[in-house]
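K.L.:
Below you'll find the structure I mean.
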Amino acid sequence: MQQTHTRPADSWSPLYFLASLGAGGLAVTFFMYLMFWVPHPGQPVPVFEDILAAFQSGSLAMQAAILIAVTGIAGFAVLNIRMLVWNLRQLSIFSRTEAYTRLVNSNAETTLLAMPLALAMTVNAMFILGLVFVPGLWSIVEYLFPAAMVAFAAIAYLAFRRIGDFLGRVLSDGGVFDVTANNSFAQLLPAFALAMTAVGMAAPAAMSTTPLTVGIALILSIALGTISGLYALVAAIVAVNSMLHHGTAKESAPTLMVVVPILTILGIMMMRQEHGLHTTFEMHGGRADTLILTTTILAVQAVFLALGLLVLRRQNYAASFLTGPKNSAGSYALVCPGVALSVMLHFWINKGLVGAGLIAKFGVAYWGLTGLAIAAQIAMIALVFHLNRRHFGRGKGEAAGLRTA
């Protein structure tokens with residue numbers, strides 16, 4: 001059957017996996033409401049029973065917040081899974097084309113790492129769905145942790161295979177990597193994928209009460225997180241050199257802010273590891289440790305957000321790819337920094353400022369700062385809807401929705 005292209009998404013790119021990633025990230029932002037506003041004695045995260053009890057006994061504001069949270073989690077988790085399935089089908093088709101052969105012999109081969117990145121996010125989203133909507137899940141959670149670790153290990157293996165194919169090609173055959181086309185942070189995508197598997201692997205370290213499970217989760221998440229950080233550092237240094245010589249590639253300019261989600265993910269990974277070390281191995285930290293960690297992360301994130309937004313404005317990126325005639329699958333990379341900023345602000349406020357006793361929980365300062373996190377969340381929701389209309393909307397004479405011709 002001849003394929004017709006009536007929407008930008010019909011000219012598929014591996015970067016469309018970022019549409020699934022962004023939806024999963026937004027589900028996480030809604031879980032932050034439950035994580036920090038709903039009491040959950042007896043376990044480190046709220047579960048169905050905690051949420052139900054808070055809804056039944058809480059104020060009207062609490063009930064409204066819970067309704068908004070569970071609706072947002074359900075809606076964006078469904079969108080996350082739907083977009084993942086669609087992208088996997090598109091990848092299967094794409095892998096049999098000449099365009100795929102050209103892709104895997106170019107710098108853009110690393111865009112295929114968007115697939116394990118999206119897979120890892122979906123596993124995280126499904127775990128959140130289980131916590132929020134499945135009664136009695138916590139009674140069997142010790143059996144689920146090993147399964148989750150196997151899933152993340154499999155995704156990490158897939159990511160390492162992709163990375164190995166790319167590095168094996170460019171490091172063994174000289175001249176195949178185009179340094180002049182490396183003028184963005186697009187090559188940090190492998191580090192992003194590894195970081196997402198690392199934070200997922202760290203979850204059992206924070207939540208399990210079985211020392212062996214906690215220990216294995218700690219070891220694997222530390223290894224994955226360390227490799228992710230090393231890869232990101234090297235790739236960023238190489239890319240900066242190219243950008244200083246050739247300027248930033250306009251279509252890839254959103255990748256300048258990919259450092260923001262990588263830092264949020266690695267920060268949450270470290271907080272999970274610290275919790276596991278505290279509860280299982282009696283390694284105690286100070287009250288201000290999390291405040292120092294989250295503040296440091298936010299400071300670095302602010303630098304890369306400012307840099308990215310400056311370049312986007314100078315290059316008139318929005319006029320070209322968000323409101324103008326051009327479309328780029330890479331525009332979905334703009335969702336990740338806003339989502340990551342919202343999540344990190346929640347942790348900074350609740351685990352950092354409140355945890356160190358600098359502000360009172362649910363006080364004026366608390367809600368003023370939380371408003372910033374919610375504002376970033378709302379902006380990213382609007383951006384996702386806007387991008388989905390542009391890339392997946394109804395074409396002339398075509399039905400709306402996701403379609404594979």
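K.L.:
Identify the residue in the range 55-64 that is closer than 22 Å to residue 136 by Cβ and not small (Gly, Ala, Ser) and, among all such residues, is surrounded by the most Cβ atoms within 10 Å (Cβ to Cβ).
P.N.:
Taking the candidates together, the pick is 55.
K.L.:
Give me the pairs, please: first residue somewhere in the range 160-176 and more than 18 Å from residue 234 (Cα to Cα), second residue anywhere and of a type in the set (Gly, Ala, Ser) and not in a helix (DSSP H, G or I), beta-carbon distance under 9 Å, and either six or more positions apart or on two chains.
P.N.:
176/106
K.L.:
Quick one: in the range 218-248, which of the residues that are of a type in the set (S, T, N, Q) and surrounded by fewer than 19 Cβ atoms within 10 Å (Cβ to Cβ) is farthest from the chain's Cα centre (by Cα)?
P.N.:
Among them, the one singled out is 241.
K.L.:
Within the range 332-349, is there a residue that is farther than 16 Å from residue 266 by Cα, surrounded by fewer than 17 Cβ atoms within 10 Å (Cβ to Cβ) and out of contact with any strand residue (DSSP E or B) (no Cβ under 8 Å at 6 or more places or on another chain)?
P.N.:
no
K.L.:
I've got another one for you. Among the listed residues 279, 295, which satisfies the condition of being touching a Pro at 6+ places or on another chain (Cβ under 9 Å), surrounded by fewer than 19 Cβ atoms within 10 Å (Cβ to Cβ) and β-branched (Val, Ile, Thr)?
P.N.:
Every option except 279 fails the conditions.
K.L.:
Let me ask something else about it. Condition first: of a type outside the set (S, T, N, Q) and under 18 Å from residue 138 (Cβ atoms). Now tell me which residues in the range 13-46 satisfy that.
P.N.:
Correct list: 31, 34, 35, 38, 39, 40, 41, 42, 44, 45, 46.
K.L.:
Since residue 100 meets every condition but one in (1) touching a residue at least 24 places away in the same chain (Cβ under 8 Å); (2) surrounded by 15 or more Cβ atoms within 10 Å (Cβ to Cβ), which condition does it not meet?
P.N.:
Only one criterion in (1) touching a residue at least 24 places away in the same chain (Cβ under 8 Å); (2) surrounded by 15 or more Cβ atoms within 10 Å (Cβ to Cβ) is unmet by residue 100, namely (1).
K.L.:
If you don't mind, another one. Given the structure, is residue 68 closer than 30 Å to residue 352 by Cβ and crowded, with 19+ Cβ neighbours inside 10 Å?
P.N.:
no
K.L.:
Is there a residue in the range 291-303 that is among the hydroxyl-bearing types (Ser, Thr, Tyr), modelled with pLDDT under 95 and in a helix (DSSP H, G or I)?
P.N.:
no
K.L.:
Something else about it: State whether the residues of the range 320-339 include one that is of a type in the set (Gly, Ala, Ser), over 19 Å from the mean Cα position of the chain (by Cα) and part of a helix (DSSP H, G or I).
P.N.:
Within the range 320-339, one or more residues are of a type in the set (Gly, Ala, Ser), over 19 Å from the mean Cα position of the chain (by Cα) and part of a helix (DSSP H, G or I).
K.L.:
I would also like to ask the following. For the range 26-54, which positions are farther than 22 Å from residue 373 by Cα, in contact (Cβ under 8 Å) with a residue 60 or more places away in the chain and buried (at least 20 other Cβ atoms within 10 Å of the Cβ)?
P.N.:
47
For every residue, the table says whether it meets (1) surrounded by 15 or more Cβ atoms within 10 Å (Cβ to Cβ); (2) closer than 29 Å to residue 256 by Cα; (3) among the aromatic types (Phe, Trp, Tyr); (4) over 16 Å from the mean Cα position of the chain (by Cα).
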{"residue": "138", "(1), (2), (3), (4)": "yes, no, yes, yes"}
{"residue": "143", "(1), (2), (3), (4)": "no, no, yes, yes"}
{"residue": "149", "(1), (2), (3), (4)": "yes, no, no, yes"}
{"residue": "159", "(1), (2), (3), (4)": "yes, yes, no, no"}
{"residue": "175", "(1), (2), (3), (4)": "no, yes, no, yes"}
{"residue": "181", "(1), (2), (3), (4)": "yes, yes, no, yes"}
{"residue": "201", "(1), (2), (3), (4)": "yes, yes, no, no"}
{"residue": "208", "(1), (2), (3), (4)": "yes, no, no, yes"}
{"residue": "216", "(1), (2), (3), (4)": "yes, no, no, yes"}
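K.L.:
Right, here's the next one. What residue, among those in the range 376-404 that are loosely packed, with under 13 Cβ neighbours inside 10 Å and among the small types (Gly, Ala, Ser), is modelled with the highest pLDDT?
P.N.:
382
The values are calculated or read from the model by the stated rules, or taken from the named source; none is laboratory data. Here the structure is a predicted model, which means the values were calculated and not measured. We place every Cβ from the backbone using ideal geometry, glycine too, and count neighbours over all the protein chains shown.
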